[in-house]
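Trainee: The structure follows.
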Amino acid sequence: MNRFQEILHKGYAQTFEVTKVLFHEKTEHQDLIIFETPTFGRVMALDNIVQVTTRDEFVYHEMMTHVPILAKGDVTNVLIIGGGDGGILREVLRHKSVEQATMVEIDASVVDLCQQHFADISDGAFDDPRTNLIIDDGVKFVAETKQRFDVIIVDSTDPIGPGEVLFTQSFYAGCHRCLTDGGVLVTQNGVPFFQGSEVVDTNRRMGKSFKDNGFYTAVVPTYIGGFMTLGWGCDDTAVRNVSVKVLQDRFQKANISTRYYTPEMHKASFALPPFISDLLAD
Ligand code: SAM
């Protein structure tokens, strides 16, 4: 194979030049391929949809972690649903306030193969004593756990295949049940230029459980179509509206170097252009 084509959106695709396929097999849950490219470094796709590349992974992993953790402040207990490549786990554990990061990933093969082929992305996170890795369906876990979390990060595939259940109202209600007071849920919520219905659906479903729900954005080159929306759910509006000054103080205290996240980018990411905010009016 010298080309990999992702066709996620009708009539529009992205194609990668492939210099080497490192792994390609069907796991218990999905088709998993890992390959080398000259432009985006090493890439993993699940069911032919790009999940992570070594070139641009920092954008998504920084914005899905530092935004909820620094907005909430004093976060000690984090739940990650999905996230098999370990990038979210790595960024969560950079916060010294975090005492435990529980990661519930449905596909053990993704964790094993990413530790083998993307060691730089997890960067030892799976061996951190604060990591509690559980191989299970995220829906089942949030329905049954007695634990409570300050932040829940849903780093899922798209709403097709095993990830579909992570976009339901009952799943969001389960997450709401597992959050501490003022706790924050953030979710991978697609590219609204092509997947606007995911914003409409999540807004309606999350709104049934959370007093304050909405979206913020990030631009990840290989999640094609411009802005990516990240879902936000919390019962305390003050958390989303935290000031840049407070974020600057917390960011400085956290002493974390980043390549995309800054307190100013954090605040700006909640400013939605009309083509996205109009979807919330539905
Ligand atoms: N950052 C990527 C994105 O935005 O599309 C997602 C990366 S991560 C590899 C997605 C993970 O979600 C996969 O490892 C997949 O196995 C996991 N996953 C899918 N459905 C799940 C479920 N129901 N419970 C737990 N993990 C799930």
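Trainee: What does the accessible area per residue of the chain come to in Å², with a 1.4 Å probe and no ligands, DNA or RNA counted?
Mentor: Values: 11910 Å² over 282 residues.
Spelled out: the 1.4 Å probe surface of the chain, per residue, equals 42 Å².
Trainee: Something else now. Taking the alpha-carbon distance from LYS10 and a cut-off under 20 Å, which aspartates and glutamates remain once sequence neighbours fewer than 8 residues away in the same chain are dropped?
Mentor: Excluding near neighbours in sequence, the set is ASP47, ASP158, GLU164, GLU198, ASP201.
Trainee: How many times 2.2 N^0.38 Å is the alpha carbon radius of gyration of segment 3-53?
Mentor: Numbers: Rg = 10.7 Å, N = 51, 2.2 N^0.38 = 9.8 Å.
Dividing the Cα Rg of segment 3-53 by 2.2 N^0.38 Å gives 1.09.
Trainee: Here's a follow-up. How about segment 1-100: which trypsin sites (Lys or Arg not before Pro) there lie in a loop by DSSP and see at most 16 other Cβ atoms within 10 Å?
Mentor: Details: sites: ARG3, LYS10, LYS20, LYS26, ARG42, ARG55, LYS72, ARG90, ARG94, LYS96; in loops: LYS10, ARG55, ARG94, LYS96.
Answer by residue number: LYS10, ARG55, LYS96.
Trainee: Whole Å is fine, so just give me how far the alpha carbon centre of segment 91-121 lies from that of segment 153-219.
Mentor: Distance between centres, Cα-based: 21 Å.
Trainee: Can you work out the FRET efficiency for the pair SER197 and THR15, with r the C-beta to C-beta distance and R0 = 25 Å, to the nearest 0.05?
Mentor: On the way: r = 25 Å, r/R0 = 1.01.
For SER197 and THR15, the calculated efficiency is 0.50.
Trainee: ARG130: accessible area at probe 1.4 Å, nearest 10 Å²?
Mentor: Accessible surface of ARG130 is approximately 60 Å².
Trainee: Quick one: among GLY86, GLY214, GLY124, which has the greatest mean-square fluctuation in a GNM of the chain with alpha-carbon springs under 10 angstrom?
Mentor: GLY124
Trainee: Past 19 Å, Cα to Cα: identify those pairs from LYS146/LYS208; LYS245/LYS267; LYS72/LYS253; LYS72/LYS211; LYS140/LYS211, in the order given. All intermediate terms of the calculation are to be shown ahead of the outcome.
Mentor: Numbers: LYS146/LYS208 22 Å; LYS245/LYS267 11 Å; LYS72/LYS253 14 Å; LYS72/LYS211 15 Å; LYS140/LYS211 24 Å.
Exceeds cut-off: LYS146/LYS208; LYS140/LYS211.
Trainee: Would you list ILE160, ILE134 from the most to the least accessible area, probe 1.4 Å?
Mentor: On the way: ILE160 95, ILE134 45 Å².
The ranking, largest first, comes out as ILE160, ILE134.
Trainee: Along each of its three principal axes, how wide is the spread of alpha-carbon positions in the chain, in whole angstrom units, largest first?
Mentor: For the chain, the Cα spread along each principal axis is 51, 44, 36 Å.
Trainee: Then there's this: Roughly how tilted is helix 169-178, in degrees to the nearest 10 and between 0 and 90, from the longest Cα axis of the chain?
Mentor: Taking Cα atoms only, the helix is inclined about 60 degrees.
Trainee: If you don't mind, there's one more thing I want to ask. Report the one residue of ILE224, SER197, MET265 whose Cα lies farthest in the direction of the positive end of the charge dipole of segment 57-281 (charges on C-beta: Lys and Arg +1, Asp and Glu -1; origin at the Cα centre).
Mentor: In segment 57-281, that residue is MET265.
Trainee: Do any GluC sites (Glu not before Pro) in segment 70-173 lie in a loop, going by DSSP, with at most 16 other beta-carbon atoms within 10 Å of their beta carbon, and if so which?
Mentor: On the way: sites: GLU91, GLU99, GLU105, GLU144, GLU164; in loops: GLU99.
For GluC sites (Glu not before Pro) across segment 70-173 that sit outside H, G, I, E and B with at most 16 neighbouring Cβ atoms in 10 Å, the list reads GLU99.
Trainee: Starting from 0.36 nm per residue, how many nanometres of slack lie between GLN169 and GLU144 once their C-alpha separation is accounted for? Write out the running numbers ahead of the final one.
Mentor: Working: separation 25, 0.36 × 25 = 9.00 nm, distance 1.62 nm.
The span from GLN169 to GLU144 would gain 7.4 nm if fully extended.
Trainee: Another one. Working with all protein chains in place, sort PHE270, PHE35 by solvent-accessible area computed with a 1.4 Å probe, largest first. Can you show the working numbers first?
Mentor: Working: PHE270 35, PHE35 0 Å².
Highest to lowest solvent-accessible surface, that is PHE270, PHE35.
The values are calculated or read from the model by the stated rules, or taken from the named source; none is laboratory data. Model, not experiment: these values are computed from the prediction. Heads up, the Cβs are rebuilt from the backbone with ideal geometry, glycines too, and the neighbour counts pull from every protein chain shown. We work out accessible area using only protein heavy atoms, side chains counted, and drop any ligands, DNA or RNA first. Shrake-Rupley method; radii C 1.70, N 1.55, O 1.52, S 1.80 Å.
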